[in-house]
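Reviewing the structure listed below.
The values are calculated or read from the model by the stated rules, or taken from the named source; none is laboratory data. Please read all numbers here as calculations on a predicted model, not as lab measurements. Reconstructed Cβ throughout: ideal geometry from the backbone, glycine too, with neighbour counts over all protein chains shown.
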Amino acid sequence: MIRQRRTIVIAAALSFLALCLTSAGAQTGAANFSLRAVDGEAVTAESLRGEVAVLAFGASWLPITRNQLEGVKKLADDYSGRGVAVYWVSTDSESAKSKNYVSDDQLRTLARKYKVTVLRDPDGAVSKKLGVDQLPSVVILDKQGNVSGGAIGGLDPSANLATQLSARLDKIL
């Protein structure tokens, strides 16, 4: 009787732990999200299905943002015409009261300067859902909308982003 109760308690604890780890971790299966581009258009997980998507998460206040944006532009150029959509996702706040506030006009200026599509994730909900735990980070979605290999942080900001991601991208293309 005691052994049976202990087995039930252990099974319940393991089930609870598995549930907690699944809900606390990165997105599993097809991603489901919506981000707003600074031009006003919505980019959703559904709209990206059928192509590989690279979401480079960053913030305009980071000192390495310029390098990251240049890398995103080069990556987009290198994979142009190969079914890869590349976006820079700003995690800057939309609230003028925030110290990390950046207006859409400021982000549009960045988008024009670096010739990249800029999306907004001001509350960090999408980045968190996709497993991003540091900035800058990159998330790659396969053609079915699944996160491919989890969020990638710690990339060398002065190195070629396309070179750093090519093995992963080529594998799912």
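Filter region 63-79 for residues that are modelled with pLDDT under 95 and small (Gly, Ala, Ser) and give the result.
Across region 63-79, the qualifying residue is only Gly71.
Considering (1) in contact with a Phe, Trp or Tyr (Cβ under 7 Å, 6 or more places away or on another chain); (2) outside any helix (DSSP H, G or I); (3) more than 21 Å from Ser34 (Cβ to Cβ), say which one Lys73 fails and leave the rest.
It is condition (2) that Lys73 fails.
Let's see how each residue does on (1) of a type in the set (Phe, Trp, Tyr); (2) more than 12 Å from the chain's Cα centre (by Cα); (3) farther than 19 Å from Thr44 by Cβ:
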site	(1), (2), (3)
Asp92	no, yes, yes
Arg120	no, no, no
Gly153	no, no, yes
Lys171	no, yes, yes
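If you check every pair at least six apart or on different chains, which have Cβ atoms under 6 Å apart with a residue in region 76-88 that is part of a helix (DSSP H, G or I) first and a residue that is modelled with pLDDT under 95 second?
Asp78/Ala162
Criterion first (assigned to a loop (DSSP other than H, G, I, E, B), over 13 Å from the mean Cα position of the chain (by Cα) and charged (D, E, K, R)) does Arg36 satisfy it?
Spelling it out, it is not the case that Arg36 is assigned to a loop (DSSP other than H, G, I, E, B), over 13 Å from the mean Cα position of the chain (by Cα) and charged (D, E, K, R).
Let's see how each residue does on (1) surrounded by fewer than 20 Cβ atoms within 10 Å (Cβ to Cβ); (2) in contact with a Ser or Thr (Cβ under 6 Å, 6 or more places away or on another chain):
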{"residue": "Gly71", "(1), (2)": "no, no"}
{"residue": "Gly81", "(1), (2)": "yes, no"}
{"residue": "Trp88", "(1), (2)": "no, no"}
{"residue": "Asn100", "(1), (2)": "yes, yes"}
{"residue": "Gln106", "(1), (2)": "yes, no"}
{"residue": "Lys115", "(1), (2)": "yes, no"}
{"residue": "Ala125", "(1), (2)": "yes, no"}
{"residue": "Leu135", "(1), (2)": "yes, no"}
{"residue": "Gly150", "(1), (2)": "yes, no"}
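For region 115-137, enumerate the residues that are farther than 15 Å from Leu48 by Cβ, out of contact with any Lys or Arg (no Cβ under 6 Å at 6 or more places or on another chain) and of a type in the set (A, V, I, L, M, F, W, C).
Val118, Ala125, Val132, Leu135
Just to be sure I understand, how many residues within region 119-173 are assigned to a loop (DSSP other than H, G, I, E, B) and in contact with a helix residue (DSSP H, G or I) (Cβ under 9 Å, 6 or more places away or on another chain)?
Of the residues in that region, 17 qualify.
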